[in-house]
Amino acid sequence: MGSASGGWSRRRFVGVLAGAGSALVGCSTSSGSSPESAPSRTPAASRTPGSAGTASPSPANTPSAPAPTGPRRLYVGTYTSVEGGGDGIGLATYDAAGGRITGTGTIAGPTNPSYLAVHPDGRTLYAVAEQDAGAVTAVRLSDRKVLGSRSTGGAGPCHLSVHPGGRWLLSANYGSGSVAVHPIDSSGALGERRDVVTHSSPAPGPGQEGPHAHQFLTAPDGGHVLAVDLGTDTVYSYRLDERTGALTEVSRARTRAGAGPRHLTFHPGGRYAYLANEVDNTVAVCAYDRKTGRLSVGAAQSTGTGSGTNYPAQLLVTANGSYAYLANRGHNSLTRYAVEAGGARLRLLDTVPVDGDFPRQIAFSPDGKLLFAANQRSGTVSVFHVDTATGGLRSAGKPFASPVAVCALPL
């Protein structure tokens, strides 16, 4: 969530952890690209591509897979530089049938690993280092060895994802409003960044002091990558050169002033996506053109949380494309939507208490039968059984305690 003024550190460590309400303003919707000047660019480093790979789940995905057996791995992101924070990346296992989580230790070393993603081959874990001198870190999972960190060229990275080809890591710097691309080599380690683009236009929205890139992900077509920027009320579409890692802007989708877009999730069909607007407490259905990378933002819709203070965090869509879930920080709930008209429409069904405080991030288990919610202020991870026929959510039991839980990544 973002405060109306102040930098990323205040946003992350003071306003959120102390439970202080942010002075956030309302939102709107509009669509289309902008003819404004191109973003400023940091000179690229050398242009040697990394190794190949295939698509894999990340905290934001909606995977589908055969039902697993035995204990499954769970990784938990946290902050390490705040009182009561973790010591690194939390390690745990979970029972795929019952949902019970058991802690198994910590990968020490990474600083403020607040968002996590796994490589398509499942061998390497990546974490942001959410700090002024932003960085991304690679961890080999077989022996939990930290393979090193690389600068993101910006401040306060809060999101990362692996391109489906497995050769590029994409990260979003909230504090500096920029996005970065790093090569991934055959061992899973990261090379020096190849490109950094700062969102220098349009002008910041009401109450924002600058751009705040909050997410950087790959569209279903694979050739376009999209950056969601809360500060400029814009989703930027880029063409990624899969040989060099260079970014070329191709389109912009504007929400109305003050929307504060935070997180975009695609429908499995690839023609529609759903946008969580943090600042005005709404969601929007977006149309997506796979050929051009153009996103068009639809009308603002209710989160079902009433008139109280609430900051939407993230949407998930089931693998069959029938239901969507929204994490609500403040209302402390999960909103359930029916997805209709082939993905073109969301119909609000209900809200379910998340049994935690400030659900920052949500993720499905690989088979889609469990939903995990990382609750930042209560320091817990809640687990729900997902009824694949009705979309209904049922608590799997007492939440798992984990210091300042801001990301849960089940494998």
Requested in this report: Could you grab me the full set of residues in segment 153-189 that are closer than 20 Å to residue 360 by Cβ and among the aromatic types (Phe, Trp, Tyr)?
Outcome: 174
Report task. Exactly one condition in (1) open to solvent by 10 Å² or more (accessible area, probe 1.4 Å); (2) touching an Asp or Glu at 6+ places or on another chain (Cβ under 8 Å); (3) under 24 Å from residue 371 (Cβ atoms) is not met by residue 331; state its number. Result -> (2)
Query raised in the report: Which of (1) open to solvent by less than 40 Å² (accessible area, probe 1.4 Å); (2) among the hydrophobic types (A, V, I, L, M, F, W, C); (3) more than 19 Å from the chain's Cα centre (by Cα) is the odd one out, the single condition residue 317 does not satisfy?
Result: (3)
Query raised in the report: Just a yes or no: is a residue in segment 290-300 in contact with a His (Cβ under 8 Å, 6 or more places away or on another chain) and in a strand (DSSP E or B)?
Result: no
**Report entry** Extreme residue, most open to solvent (accessible area, probe 1.4 Å), among residues of segment 278-295 that are farther than 14 Å from residue 266 by Cβ and of a type in the set (Ser, Thr, Tyr)
**Finding:** 292
Query raised in the report: When you look at residue 357, is it open to solvent by 10 Å² or more (accessible area, probe 1.4 Å), part of a loop (DSSP other than H, G, I, E, B) and at pLDDT 95 or above, yes or no?
Result: yes
Query raised in the report: Do the conditions hold for residue 152, that is, is it closer than 30 Å to residue 279 by Cβ and open to solvent by 10 Å² or more (accessible area, probe 1.4 Å)?
Result: no
**Report entry** Where a residue in segment 246-270 is free of Cβ contacts under 8 Å to residues at least 12 places away in the same chain and its partner, wherever it lies, is open to solvent by less than 10 Å² (accessible area, probe 1.4 Å) and part of a strand (DSSP E or B), with Cβ under 8 Å and at least six apart
**Finding:** 248/238
Report task. For segment 168-210, enumerate the residues that are buried (at least 21 other Cβ atoms within 10 Å of the Cβ) and part of a loop (DSSP other than H, G, I, E, B). Result -> 174, 175, 176, 177, 188, 193, 194, 199, 205, 208
Report task. Kindly indicate whether any position in segment 337-344 is farther than 27 Å from residue 204 by Cα, surrounded by fewer than 24 Cβ atoms within 10 Å (Cβ to Cβ) and of a type outside the set (Gly, Ala, Ser). Result -> yes
Query raised in the report: Of the residues that make up segment 248-256, is at least one open to solvent by less than 10 Å² (accessible area, probe 1.4 Å) and closer than 27 Å to residue 119 by Cβ?
Result: no
Query raised in the report: Applying the selection to segment 361-389, what residues are in contact (Cβ under 8 Å) with a residue 12 or more places away in the chain and in a loop (DSSP other than H, G, I, E, B)?
Result: 365, 366, 367, 368, 369, 376, 377, 378, 379, 388
Query - Residues of segment 100-127 classified as open to solvent by less than 50 Å² (accessible area, probe 1.4 Å) and not in a loop (DSSP other than H, G, I, E, B), total - result: 11
Query raised in the report: Looking only at segment 264-277, which residues are under 13 Å from residue 226 (Cβ atoms) and open to solvent by 10 Å² or more (accessible area, probe 1.4 Å)?
Result: 266
Requested in this report: Filter segment 364-411 down to residues that are of a type in the set (Val, Ile, Thr) and at negative phi and give me whichever is surrounded by the most Cβ atoms within 10 Å (Cβ to Cβ).
Outcome: 406
**Report entry** Count of residues meeting criterion [of a type outside the set (D, E, K, R), in a strand (DSSP E or B) and under 23 Å from residue 383 (Cβ atoms)] in segment 326-354
**Finding:** 13
Query raised in the report: For segment 214-245, how many residues meet the condition of being buried (at least 18 other Cβ atoms within 10 Å of the Cβ), closer than 13 Å to residue 181 by Cβ and without any contact (Cβ under 8 Å) to a residue 60 or more places away in the chain?
Result: 4
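The values are calculated or read from the model by the stated rules, or taken from the named source; none is laboratory data. Since the model is a prediction, treat every value here as computed from it, not as a measurement. All Cβ positions, glycine included, derive from the backbone under ideal geometry; neighbour counts span all protein chains shown. Remember, those area values only see protein heavy atoms, side chains included, never the ligands or the DNA or RNA. Shrake-Rupley method; radii C 1.70, N 1.55, O 1.52, S 1.80 Å.
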